[in-house]
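Derivation of every value follows stated rules applied to the coordinates shown; laboratory data play no part. Source: prediction; values computed, not measured. So basically every Cβ, Gly included, is an ideal-geometry build from the backbone, and we count neighbours across all protein chains shown.
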Amino acid sequence: MTTLTEPVPQTAPAKGIQVTDKAIAKVRSAMAKEGISPEQGGLRLGVQGGGCSGLSYNIRFDTQPRERDRIFQFSDVRVFVDPKSFIYLHGMILDYQETLMQQGFVFVNPQATKSCGCGTSFSA
């Protein structure tokens, strides 16, 4: 009897959130400027009430994760997301863009049903 098995993929499908290489590089350099150690601290992504569309993104550095945080590791950069924010950020991609008109982090969020022109406010 011959058994055929399908090959196991080398990388698991992305779950939670994703961060592009460009964004990781920018976070890494900003953490170094702020004196935050990648071994202890990381980037905190969150959602809070407010803004033009009802919810707004929150992005900052934190010196350590909180007890119930989801922790995502991207090379040497950690990203912390609290459980309530994760409901709105699940499946999101954090990117960094530099154009002639603007530069900064861009949230590509499939959970957002409407967003504001500023790019920092959304509704879900």
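At a Förster distance of 25 Å, what's the computed FRET efficiency of Ala32 paired with Lys84, Cβ-Cβ distance as r, to 0.05?
0.25
How long are the semi-axes of the equivalent ellipsoid of the range 18-123, taking √(5λ) for every eigenvalue λ of the Cα gyration tensor, in whole Å from largest down?
Semi-axes (√(5λ), whole Å): 22, 18, 11.
Say R0 is 30 Å: what FRET efficiency, to the nearest 0.05, do Gln111 and Glu67 get from their beta-carbon distance?
0.80
So how strong a dipole does the range 18-123 carry about its Cα centre when Lys and Arg Cβ are +1 and Asp and Glu Cβ are -1, to the nearest 20 debye?
180
Collect residues whose amide H, placed 1.01 Å from N in the peptide plane, falls under 5 Å from the amide H of Val106; neighbours closer than 5 in sequence don't count.
Asp95, Tyr96, Gln97
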